[in-house]
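Everything on this sheet refers to the single structure shown next.
What follows is calculated from the coordinates using simple rules that are stated; it is not laboratory data. Quick caveat: nothing in here was measured; it's all calculated off a predicted structure. Every residue, glycine as well, gets a Cβ built from its backbone with ideal geometry; the counts of neighbours run over all protein chains shown.
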Amino acid sequence: MDVTPTRAVSILYVITKSNWGGAQRYVYELAVEAHHRGHIVSVAVGAPGELVHRLHESGITTFLIPGLSRDVRLGADIRAFFGLVSLIRKQRPQVVHANSSKAGFIAVLAARLLFVPNIIFTAHGWAWNELRPTWQKIAFRCLHFATVILSHKTIAVSRAIESDAAWMPRTKRKFVTIHHGVVSLPLLPSLDARKTLEDAAATHIPAQALWIGALAELHPTKGLDVLIRAFAFLAPHVPEAVLVLIGGGQDRGRLTALAHMLQIESRVHFVGHMRDAACLLPALDVFVLPSYSEALGYVLLEAGQASLPVVASDVGGIPEIVTDNESGFLVPAGDDKALAEKIVILAHDGALRRHFGEALQNRVLTGFSRDRMFDETFALYS
């Protein structure tokens, strides 16, 4: 494929957090590909982290914007706004591509005031769907509406995200849905992946164990407390099962305490954050995504590559990847008993696990093209 751009443009990507979630992967992949195609690329972030480290490894310039955080803090938000105004004045980008809720509004407003020719906002989710106080949900509805109005184009990462914004007046033509494309993973063989995870968790898991697992930030919105309660229900019925949680985050202490309270701590293994953890997914027998909200569920694309059977919440863009009873099971968010029931079915049926895994792999490889994501996104920059 010819990657030489017809016209090189200067692009500034903006995002708050610099961890390694779905939005950060998205920014990283777009920035690296745009740089590869000859565009002038830089990324503004609110804090250092793995995203910044990976961008530096790829030769991408990054800028730290003090005060640009995920939470609503008026003083910090004003500081971040003026920081972005200063950066845009200095860099004079032709495209500002804003990502995430707070960074979206601040960056789009700054870009509008400075007459940036092309302003793109990607909605990776709507903050009013998160576990927040009511006043914050109302405030974010107003902020998101203003962000969409001020942007020239808003990318929804799933049809569900676009549908959730249908209440916004005079914005229908602003939206375009572009699914995230799948990145080819160098997957480790199952036994090697298991050994790597055991070493990281400083534990030993019996060879005959059935590995049930999740790869997610340990954050309340990911519903991992629901998964732990579900595991407590199913543990007596699947004595060979273990639960492996890959990822770090603020909720580890609460989740560890929950496993202890339910007396299953010896069968629940917290691995912590690992770089390129998706390459270790073949270690698992069943993959679970019990989130309360998901814009798309990028990790499901990775699970599909690994040909894993999936049990996931029926929320957001997840049904656009997983078809219930065809390529996995979907359950109501927060329903630990329903989650346990579906995991038990898969635990006892190896043929069904293989069928679901193959079906999901086919869906991911045929329906989520990385090149299509790049081409459709970069077309908006011109």
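A compact table of results
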| item | result |
| --- | --- |
| For the chain: relative contact order, % (alpha-carbon pairs under 8 angstrom, 6 or more apart) | 13 percent |
| Peptides 203-212, 84-93 ordered by average Cβ neighbours within 10 Å, highest first | 84-93, 203-212 |
| Over 25 Å (Cα to Cα) - which of 17/153; 90/172; 137/174 fall in this group | 90/172 |
| Förster radius 45 Å - calculated FRET efficiency between residue 263 and residue 379, Cβ distance, rounded to 0.05 | 0.25 |
| Packing-based ranking, highest mean first, of 106-112, 194-200, 19-25, 266-272 given that Cβ atoms within 10 Å are counted | 106-112, 19-25, 266-272, 194-200 |
| Volume of the Cα convex hull of the chain, divided per residue and given in Å³ | 136 Å³ |
| Mean shadow area of the stretch 10-177 over all directions, Cα convex hull, nm² | 9.1 nm² |
| For residue 160, net neighbour charge (Lys/Arg +1, Asp/Glu -1) across residues whose Cβ lies under 11 Å away | -4 |
| Extreme residue, positive dipole direction of the chain, given options 75, 140, 257 (C-beta unit charges) | 75 |
| Rounded Å value of the spacing that divides the Cα centres of the stretch 116-170 and the stretch 189-223 | 35 Å |
